[in-house]
Ligand SMILES: NC(=O)c1ccc[n+]([C@@H]2O[C@H](COP(=O)([O-])OP(=O)(O)OC[C@H]3O[C@@H](n4cnc5c(N)ncnc54)[C@H](O)[C@@H]3O)[C@@H](O)[C@H]2O)c1
Ligand SMILES: [Zn+2]
């Protein structure tokens, strides 16, 4: 099958750079050809989610991918790490750096991240600092990573005080989003990825949101045509937003809808799978809509419509939907100071006027947000 290609253009100060996202079904089997010009007989290090080495019989895409890239590479070394945010840490990063260095790499060595957002974020971070920066390619294997984390060049690990506090901006050379790899993804992870998909409709594309309302079942049942549309639309919206704002000086922050609340919840949950990233984002987006309503920006009917789609998709919409996750409004408020949008103790939230229209609200009044949290928690 021929892939569809989205080009991500990044306008750097002096010159423009761009890279392709290949989207389609059964693409990994032809990865060698798709990536030929980047691999170019180089030494490859593939950092992959250990799911694929442990479950070879249920998901053979990884083996076929390795066979295909071997044809184009000088050598291929593999390194398995486990997914899940619990392992997105500095100590895991150190292990990766030491192991990769032991393969005698040089500045032409190419690193490939094969896994979900956790593998992509940490392997991408490693590639940005190894030998002061080597190139890398993203092969996202979860819906969340195919529609979001593999694109845009944010890499990093969690700090003990908060989510994604340590990291770099480092764009990949290319991305392959192969929908057939999703067949082994647990339902819970699929739904979590769908939360980030809904996010794009809410930020700037109401017609996409309406299409998701009509097609969520097909998407969650892994219908190929629907999945292709989901990935292409999501990546196009993301690439459109980041192209002039790679380092999040301005509008890139819109992509953070629901994440100020969401990251705080994840951090309090200690990343132990009680709650996973996409679920925290779903709750965070519902809170952002409710807060928008409280401040007079959006109608109650819009808040209810947003919550209805999350609910129908099997996602949580409030903190009380997560069993055994107890915390106070003060604990949540304290986490906001580690939000990367916070400046000089002044809080910034991404809010909505309506579905399809997010905006950046700086300098949010502390007492109002504290009152809101007391009502919500
Ligand atoms: N860099 C960015 O711009 C960005 C954007 C959004 C999210 N993120 C980050 O992404 C992370 C979440 O990503 P994620 O949801 O992909 O998590 P993940 O990488 O932890 O993957 C989720 C689970 O699915 C398993 N898995 C992966 N692929 C599989 C497959 N094909 N079949 C079966 N199991 C599979 C993993 O082992 C893991 O247990 C968070 O750390 C979040 O902060 C980063
Ligand atoms: Zn996210």
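Things worth noting here:
- The helix-based estimate of mean residue ellipticity at 222 nm for the chain, built from -39,500 (n - 2.57) per DSSP H run of four or more residues and divided by its residue count, is -13000 deg cm²/dmol to the nearest 500.
- Relative to the current alpha-carbon distance between residue 337 and residue 86, full extension at 0.36 nm per residue lengthens the span by 88.2 nm.
- Antiparallel %, DSSP beta bridges [both residues in the range 4-184], to 5: 35 percent
- To the nearest ten degrees, helix 90-101 and the longest principal axis of the Cα atoms of the chain are 20 degrees apart.
- For the chain, relative contact order (Cα pairs under 8 Å, six or more residues apart, normalised by length) works out to 15 percent.
- Cα-projected label distance for residue 53 with residue 103, points at 7 Å along beta-carbon direction, nm: 1.1 nm
- Nitroxide proxy distance, nm - points 7 Å out along Cα→Cβ at residue 187 and residue 67: 3.3 nm
- Stokes-Einstein D for the range 262-307, Kirkwood Rh over Cα pairs, 37 °C, 0.692 mPa s (µm²/s): 294 µm²/s
- Prolate/oblate/rounded label for the range 262-377 (Cα gyration tensor, a/c 1.5): oblate
- Against the main long axis of the alpha-carbon atoms of the chain, helix 187-204 sits at an angle near 70°.
- Global form of the range 35-136, assessed from the alpha-carbon gyration tensor, a/c cut-off 1.5: oblate
- Counting only Cα atoms, the size of the range 4-184 along its three principal axes is 42, 40, 33 Å, in decreasing order.
- Of the Cα atoms belonging to the chain, the radius of gyration and Dmax stand at 20.0, 61 Å.
- Stokes-Einstein D for the range 196-275, Kirkwood Rh over Cα pairs, 25 °C, 0.890 mPa s (µm²/s): 173 µm²/s
- Per residue, the convex hull spanned by the alpha carbons of the range 152-236 comes to 130 Å³.
- Placing dummy labels 7 Å off each Cα toward the beta-carbon, the span from residue 12 to residue 299 is 4.7 nm.
Here, each number is a calculation from the coordinates, and none is a lab measurement. What you are looking at is a predicted structure, and each value in this text was computed from that prediction instead of being measured. Reconstructed Cβ throughout: ideal geometry from the backbone, glycine too, with neighbour counts over all protein chains shown.
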